[in-house]
Amino acid sequence: MSAVARWADRRVLAITVVVSAAYFVPGELIGASWANGLPGVLIFVPVLLAFAVGARCELPASIVGLLATSLATSAGDLASSLVSMWVFTAPGWVIGRVMRSRVELRGQLEQRARELELERESFAEQSVRYERARIARDLHDIVAHNLSMIVVQAGAGRRAVAADPAIAAESLRHIEGSAHRAEQEIDQLVGLLAREQDEHIGNLNDLDELIRRAAETGLDISYGFSGNSGRLPNVVTEVAYRVAQEGITNALKHAPGAPIRVSVEATAVCLAISVENDRPPSAANGDQLAASGGSYGLEGLKQRIRILSGSFDAGPTETGGWRVLVELPAH
């Protein structure tokens, strides 16, 4: 309650006490008969005051006002003050208390409505930020992986142009295929956004195709799977696919030419994905690849894993390579 409202309520109580004293004190001094000559309408003044203190004042103050107005209606006859309380002032006071409770309830509901509106706006903003981050992650995964493949093949084709035109032509074919796949996946992503359906791009079945395409480009890559993925949720298998895709992309960027090993193990408890590469044999194409994509993919991958309450671990191996290990809950 504001200071102005408290001051106004105290003023109502003060007026009630003063007016009640004006009714009660003369009766005590000269007898209750003094009020017989007053207009009958004045009997309603204490009733209105009882209603006012009931509607405006806090409970302790309103009780004081109720007692004061009851004494006022007795006009100095204390024996009749209890009767006058129940007959005249108490009903008005009760009505005032009910109206006050309604006003307070309305104020609480309005305040809660404002809070809910603010929460709704905040939730909408968070949803927009989440969707933007999700779209950015998907676009990065699609573009960065295929771009890395294109850079590898472009470098191989450039070196083979003079020595072996057939190899250069094969590199161009792989570049065309990577660009075409990126276009298809982006179209698929845009289609999902347009339909607003809960679908997923990439799963463990697509992982075989991902490894096969990477091997066709000349990468030294191997893949092993154990367990049963039949009951895994789509969201888990999609993240597993993205882990493998990002791991291969990072291996291409930071360890070009190094053998890559991808392994997936599905149990009743968790799904473990490991992507490991050896020490790169040379720095060929390293600068170009490292500059393609930035570090957003790893952060986006961590966000995906964190949402699923999974674990992420990455670090160097004993042989000088790099290993990424992710464990996702099966349910």
- prompt: Roughly how many Å² of Ile15 are accessible to a 1.4 Å probe, to the nearest 10?
  reply: 90 Å²
- request: Calculate one ³J(HN,Hα) per residue across the range 20-26 by plugging θ = phi - 60° into the Karplus curve 6.51 cos²θ - 1.76 cosθ + 1.60, and present them in order as whole Hz with x for glycine and proline.
  value: 5, 4, 5, 7, 7, 4, x
message: Between Glu121 and Ala160, how high is the FRET efficiency from 1/(1 + (r/R0)^6) when r is the Cβ-Cβ distance and R₀ = 41 Å? Nearest 0.05.
response: 0.10
- prompt: How high is the FRET efficiency between Asn228 and Leu172 when r is their beta carbon distance and R₀ equals 56 Å, given to the nearest 0.05?
  reply: 0.90
query: What is the distance, in nm, between label points placed 7 Å from the Cα along the Cα-to-Cβ direction at Ala133 and at Lys302?
result: 1.2 nm
Cβ-Cβ FRET estimate between Ala314 and Gln108, R0 fixed at 51 Å, reported to 0.05: 0.50
field: Simple spin-label estimate for Leu59 and Glu183 in nanometres, 7 Å along Cα-Cβ
entry: 7.6 nm
Hz values of 3J(HN,Hα) by residue in the range 242-254 - Karplus curve (6.51, -1.76, 1.60), Gly and Pro given as x: 5, 4, 5, 4, 5, x, 5, 4, 5, 5, 5, 6, 9
query: Packing-wise, with mean Cβ within 10 Å as the measure, how do 318-331, 231-244 rank, highest first?
result: 231-244, 318-331
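The values are calculated or read from the model by the stated rules, or taken from the named source; none is laboratory data. None of the values given here were measured: they were computed from a predicted structure. No Cβ is skipped: glycine too gets one built from the backbone with ideal geometry, and neighbour counts run over all protein chains shown. Heavy atoms of the whole protein, side chains included, go into the accessibility calculation; ligands, DNA and RNA do not. Shrake-Rupley method; radii C 1.70, N 1.55, O 1.52, S 1.80 Å.
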